[in-house]
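Chemist: Let me begin by handing over the structure; questions about it come next.
Read-outs: derived from the displayed coordinates by stated rules, not from any lab. From a predicted model like this one, the values you see are computed outputs, not experimental measurements. Because the Cβ atoms are built from the backbone with ideal geometry, glycine has one as well, and the counts that use them run over all protein chains shown.
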Amino acid sequence: MQHNPFFQKMSFKKEEKNSVILNCLNKQGIAIIKNWINAKDVNVLKNELDSIEAKPPKWVKKNKYETGCIIDYAPLQRHINHELELLSNITNVLSSKRIKDLAISYLGKSAVPDRMLLHRSESSNKPITTWHIDNFSTSKRALKFFLYLSDSDKDTGAFSYIPGCRDIQQLVNRRAKTYDDLRRNMWSIDQNLEHWKQEAILQEKKGNKKISYQITNHLQNIMQHVNSELNSDDYYTVSAKKGSLIIFDPVGFHRGGRIIKGERYIIRAHYLPFSLKRAFSSRNELSIFVKRNVIKLKAKLKGKSIYI
Ligand SMILES: O=C(O)CCC(=O)C(=O)O
Ligand SMILES: [Fe+2]
């Protein structure tokens with residue numbers, strides 16, 4: 001299974017040094033690691049996904065779609081609910097020391113595995129997602145670890161990613177005043193490429209010819225392959241065998257492909273810099289954990305004993 005030749009230079013063996021992988025992530029926003037886990041371990045994780053889908057505990061969020069299912073949980077929930085044996089294989093693989101080290105080197109010391117998602121998709125004439133970027137309410141940065149549990153190519157829903165967008169998109173994201181603005185006006189590729197055009201003009205006016213040229217050049221390359229959110233060729237498709245790990249910065253345009261036959265199994269972890277704001281505001285169970293402890297502490301200060 002061969003993916004687009006330009007992804008070859010972003011593909012590594014597991015033995016590769018972290019510094020080389022990070023260098024690629026910083027330049028391209030994506031790195032692909034072949035054989036991250038072997039076929040036997042893939043089956044263990046796939047069975048874990050199937051059994052949790054069949055009988056999910058209350059603390060996981062199960063989103064059932066016409067075309068499959070996403071199980072979504074914050075790893076800390078297992079601790080809070082004293083159910084450490086559940087999802088232990090998937091959680092361990094997605095929060096291994098190596099993955100944490102890579103996330104910390106890329107995002108800084110405060111990086112934490114915010115959520116884990118287990119995703120089974122069935123065949124459909126719609127793609128799994130349209131072309132988009134991800135925005136987060138409490139963080140400008142994130143890193144995702146996406147592990148294929150089935151072989152994926154253009155006909156089986158492979159993930160697609162446009163390398164080299166990070167710095168331009170971060171520049172463009174500064175145009176948004178609020179998170180709501182980002183979410184509403186800077187999510188799809190169509191919305192964002194319009195912002196890219198305006199940014200190129202603005203940079204030209206400011207005399208930043210080099211940046212303006214870089215934006216226009218990248219924009220033209222992208223538009224040769226992507227016509228709209230739904231319509232593109234397979235130039236940016238990351239075909240890879242089961243057991244491959246894709247690490248990507250979601251500020252670069254990406255999408256889940258169309259599944260013509262069979263099913264796609266993937267699991268992924270979202271690493272974000274930990275922020276207190278997020279701990280208090282998000283639907284992440286971490287917030288419950290922090291809130292509980294703050295309530296306990298306040299009660300203690302007032303001399304009350306409290307159990308929550
Ligand atoms: O399922 C896919 O291939 C795309 C997922 C995605 O958009 C994401 O992980 O941010
Ligand atoms: Fe996404």
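Chemist: Could you line up THR178, THR216 from fewest to most neighbouring Cβ atoms inside 10 Å?
Modeler: Going from least to most buried by this count: THR178, THR216.
Chemist: Related question: Please rank SER188, SER51, fewest neighbouring Cβ atoms within 10 Å first, as an exposure proxy.
Modeler: Neighbour counts put them in this order, fewest first: SER51, SER188.
Chemist: Which of the pairs LYS61/LYS241; LYS154/LYS261; LYS126/LYS154; LYS40/LYS97; LYS14/LYS241 have their Cα atoms more than 18 Å apart in this structure?
Modeler: LYS61/LYS241; LYS40/LYS97
Chemist: Here is a follow-up. Which residue, PHE159, PHE248, PHE136, tops the fluctuation ranking in a GNM of the chain built on C-alpha contacts under 10 Å?
Modeler: With Cα springs under 10 Å in the chain, the top fluctuation among PHE159, PHE248, PHE136 is at PHE136.
Chemist: Only helical DSSP H runs with n ≥ 4 go in: add -39500 (n - 2.57) per run for the chain, normalise by residue count and round the 222 nm mean residue ellipticity to 500 deg cm²/dmol.
Modeler: -12000 deg cm²/dmol
Chemist: Are there any GluC sites (Glu not before Pro) in the stretch 1-64 that are in a DSSP loop and have at most 10 other Cβ atoms within 10 Å? List them by number.
Modeler: GLU15
Chemist: Could you give each residue of the stretch 35-41 its phi-based ³J(HN,Hα) in whole Hz, using Karplus coefficients 6.51, -1.76, 1.60 with θ = phi - 60°, and x for Gly or Pro?
Modeler: 6, 5, 10, 8, 4, 5, 5
Chemist: With a cap of 15 neighbouring Cβ atoms within 10 Å, and only residues DSSP puts in a loop, list the trypsin sites (Lys or Arg not before Pro) found in the stretch 226-267.
Modeler: Passing sites in the stretch 226-267 are LYS241, LYS261.
Chemist: What order do you get for ILE80, ILE189 when you list them from fewest to most C-beta neighbours inside 10 Å?
Modeler: ILE80, ILE189
Chemist: Output the direction-averaged projected area (hull surface divided by four) of the convex hull of the alpha-carbon atoms of the chain, in nm².
Modeler: So the mean shadow area of the Cα hull is 17.9 nm².
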